[in-house]
1. I'd like to compare 32-45, 133-146, 89-102: which one has the highest average count of other Cβ atoms within 10 Å, and what's the full order after that?
2. Cut-off 16 Å, label point 7 angstrom out along Cα-to-Cβ of TYR86: give me the residues of the stretch 8-48 whose amide nitrogen falls inside.
3. Quick one: which residues, 5 or more positions from LYS71 or on another chain, have an amide H under 5 Å from its amide H? H modelled 1.01 Å from N in the peptide plane, none for Pro or chain starts.
4. How long are the three semi-axes of the equivalent ellipsoid for the stretch 15-102, computed from the Cα gyration tensor as the root of 5 times each eigenvalue, in whole Å, largest first?
5. If the elastic network links every pair of Cα atoms under 10 Å, which of TYR22, TYR11, TYR86 fluctuates the most in the Gaussian network model of the chain?
6. Show me, for the stretch 97-110, the HN-Hα J-couplings you get by feeding each phi into the Karplus relation (A = 6.51, B = -1.76, C = 1.60, θ = phi - 60°), rounded to Hz, glycine and proline as x.
7. Can you tell me the length gained on complete extension of the stretch ASP60 to THR73, counting 0.36 nm per residue apart and subtracting the Cα distance?
8. For the chain, what number results from the quotient of the Cα radius of gyration and 2.2 N^0.38 Å?
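Each value in this text was obtained by applying a stated rule to the coordinates, not by laboratory testing. Model, not experiment: these values are computed from the prediction. All Cβ positions, even for glycine, are placed from backbone atoms using ideal geometry, and neighbour counts span all protein chains on display.
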Amino acid sequence: AGKENRPAWSYYDNDISNGEKYGKLYNWYAVNDPRGLAPEGWQVPTDSEWTVLTIYLSADGHDGKEGTALKATSGWGSGRNGTDDYEWNGLPGGSRFHDDSFIGIGGIGDWWSSSQFSASRARIRSLAYFNGGLIKGRGSKENGFSVRCLRD
């Protein structure tokens, strides 16, 4: 097994000041490491739990703008800040690719779920400067994305 199959994290551009603002970017192997990424009493949400959140936000008056309701009120490029209606403070922390390149800081935030999509991919949710939704997607398990834990 190569480095791509081991738990790992980094700061965007390997710059600790990015970590202070946006947190760490973890690969999926860290998310699902048996030692546990989440603190006791918390977990990385499943894809189904992300879906429950999206349905709740939609029913609570944010249909089609679920992401806007979660985005922070500052920090998003192109004047696309959110309303942060739930104090979720979603920030555009960007992503790290398995080839050690980085993309998206200031414009996109990707968060892992604990759910696999395939042998090499897992489910994610994204917020983007160009979209008001909470975008469902999938990412390579080797990539580095943000994590938001859910209380058990």
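1. Numbers: 32-45: 13.5, 133-146: 20.0, 89-102: 17.8.
By packing density, highest mean first, the sequence is 133-146, 89-102, 32-45.
2. The answer is 43-48.
3. THR83, ASP84, GLY90
4. Details: eigenvalues 119, 80, 28 Å².
Calculated on Cα positions only, the semi-axes equal 24, 20, 12 Å.
5. Its mean-square fluctuation being the largest, the pick is TYR86.
6. Coupling constants for the stretch 97-110: 8, 4, 8, 6, 9, 10, 7, x, 4, x, x, 9, x, 10 Hz.
7. Values: separation 13, 0.36 × 13 = 4.68 nm, distance 1.90 nm.
The ASP60-THR73 span can extend by a further 2.8 nm.
8. Details: Rg = 14.7 Å, N = 152, 2.2 N^0.38 = 14.8 Å.
Working it through for the chain, the quotient is 0.99.
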